[in-house]
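*Asks:* The structure's right below; bear with me while I get my questions together.
Bear in mind that the values in this text are calculations on the coordinates, not laboratory data. What you see is a predicted model, and the numbers here were worked out from it, not measured in a lab. Quick reminder, even Gly has a Cβ in these numbers, built from the backbone with ideal geometry, and neighbours come from all protein chains shown.
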Amino acid sequence: MHKLITLALVSLFAANVALAQTPAAAPAKSAKPATPATPAVAATPAVAPAAAPAGGCEARAVSAAGKPLHGAAKAAFMKKCQKDMPSAAADGKSTQQNKMKTCNKDAAGKKGAERKAFMKECLSK
């Protein structure tokens, strides 16, 4: 019985070695020399925030080379982008939170179905 188990283990080991992945071929040399990773400070968007498309900060989180940002560089960019974006209230539009505050003040004294209908109308504007 021990010989059978030993033979099975040896054959599994041999099959594992035989089927192991071979190392990948070396990539072709390009004319451009390899550059070290750029620091997060150098990974700024290629497009200025004011001239960027209306796709939002997530869509604009790309490096100067056009590659998507990741990790700390993306977090720093998103924080700055969201801070620099004009607020909805500055555009003349009120945010949902501001609408709720205004409608709640206006709905003072109303109860039940009357309040519900008023709030629905007020929030839909």
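*Asks:* Which ³J(HN,Hα) values, rounded to whole Hz and listed in residue order, are derived for the range 109-114 from phi using the Karplus coefficients 6.51, -1.76 and 1.60 in 6.51 cos²θ - 1.76 cosθ + 1.60 with θ = phi - 60°, glycine and proline given as x?
*Replies:* For the range 109-114, the Karplus-derived couplings read x, 8, 9, x, 5, 4 Hz, x marking Gly and Pro.
*Asks:* Along the Cα→Cβ direction, 7 angstrom out, place labels at Met1 and His70. What is the inter-label distance in nm?
*Replies:* Calculated label separation equals 5.1 nm.
*Asks:* While we're here: Between Ala8 and Ser124, with labels modelled 7 Å along Cα→Cβ, what's the label distance in nm to one decimal, could you check?
*Replies:* Going by the 7 Å Cα→Cβ label model, 7.2 nm.
*Asks:* Quick one: 3J(HN,Hα) in Hz for the range 62-73, Karplus 6.51/-1.76/1.60 with θ = phi - 60°, rounded, Gly and Pro as x.
*Replies:* 10, 7, 5, 7, x, 8, x, 7, 9, x, 5, 5
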